[in-house]
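Visitor: Got a structure here, written out as structure tokens. Questions coming.
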Amino acid sequence: MQSDLVLRVIGKILIPFILLFAVYVQFHGDFGPGGGFQAGVIFATGIIFYALIFGLHKARTVIPDNVVEAMLAGGVLLYAGFGIAGFLLGGNYLDYFVLSKDPIHGQHRGIFWVELGVAITVCGVMLKIYYMFASRGNSEEQH
């Protein structure tokens, strides 16, 4: 697919919109359908689409393996960290109302950061799975 000019042009047009839609789904998740899981999958889909068109090596240049692995751990730590923050501030684990003087604002803050942790983790997992399967049997692509 790397030599198909039409696909490359369409990909260059669509990929930014796919990534932007993932950001929209992430931020809109508090108020409607969507959230971290959906946003993470959509964002990873944009990167995987890029890899299918331009090649795995270029995708690994954009988001290297060490960044993907940091996403796996970082998202879980973000999720767990806000759970522990609620615990340390006098609530239960994942009680967000203690994160602000106004309980409603605390709930919004906590949900936002936990959903962001979910999005980062899901995107990292999807990319790791794709990188592993796409590089299978190709010794020069494996890291």
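Please treat every number below as a calculation from the coordinates, not as lab data. Since the model is a prediction, treat every value here as computed from it, not as a measurement. Positions of Cβ are generated from backbone atoms using ideal geometry, with glycine treated the same way; all protein chains shown enter the neighbour counts.
Visitor: Can you give the FRET efficiency to the nearest 0.05 for Arg8 and Val62, using r as the Cβ-Cβ distance and R₀ = 22 Å?
Guide: 0.90
Visitor: With a 10 Å radius around each residue's Cβ, average the other Cβ atoms per peptide and rank 87-93, 122-128, 51-57, 62-68, highest first.
Guide: Highest to lowest by the protection proxy: 122-128, 51-57, 62-68, 87-93.
Visitor: Inverting the mean 1/r over all pairs of different Cα atoms, compute the Kirkwood radius of segment 5-134 and quote it in Å.
Guide: Computed over segment 5-134, the radius equals 15.6 Å.
Visitor: Quickly estimate the mean residue ellipticity at 222 nm for the chain, helices only: each DSSP H run with n ≥ 4 gives -39500 (n - 2.57), and the total goes over all residues, rounded to 500.
Guide: Theoretical 222 nm ellipticity from helices: -25500 deg cm²/dmol.
Visitor: Something else now. Starting with the highest mean, order 35-48, 102-115, 12-25 by the number of other Cβ atoms within 10 Å, averaged over the residues of each peptide.
Guide: 35-48, 102-115, 12-25
Visitor: For Ile53, what charge total do you get from the other residues with a beta carbon under 13 Å from its beta carbon, if Lys and Arg give +1 and Asp and Glu give -1?
Guide: Neighbourhood net charge equals +2.
Visitor: Something else about it: Can you work out ³J(HN,Hα) from phi for every residue in segment 121-126, in order, using Karplus 6.51 cos²θ - 1.76 cosθ + 1.60 and θ = phi - 60°, giving whole Hz and x for Gly and Pro?
Guide: These are the phi-based 3J(HN,Hα) values: 5, 5, 4, x, 5, 4 Hz.
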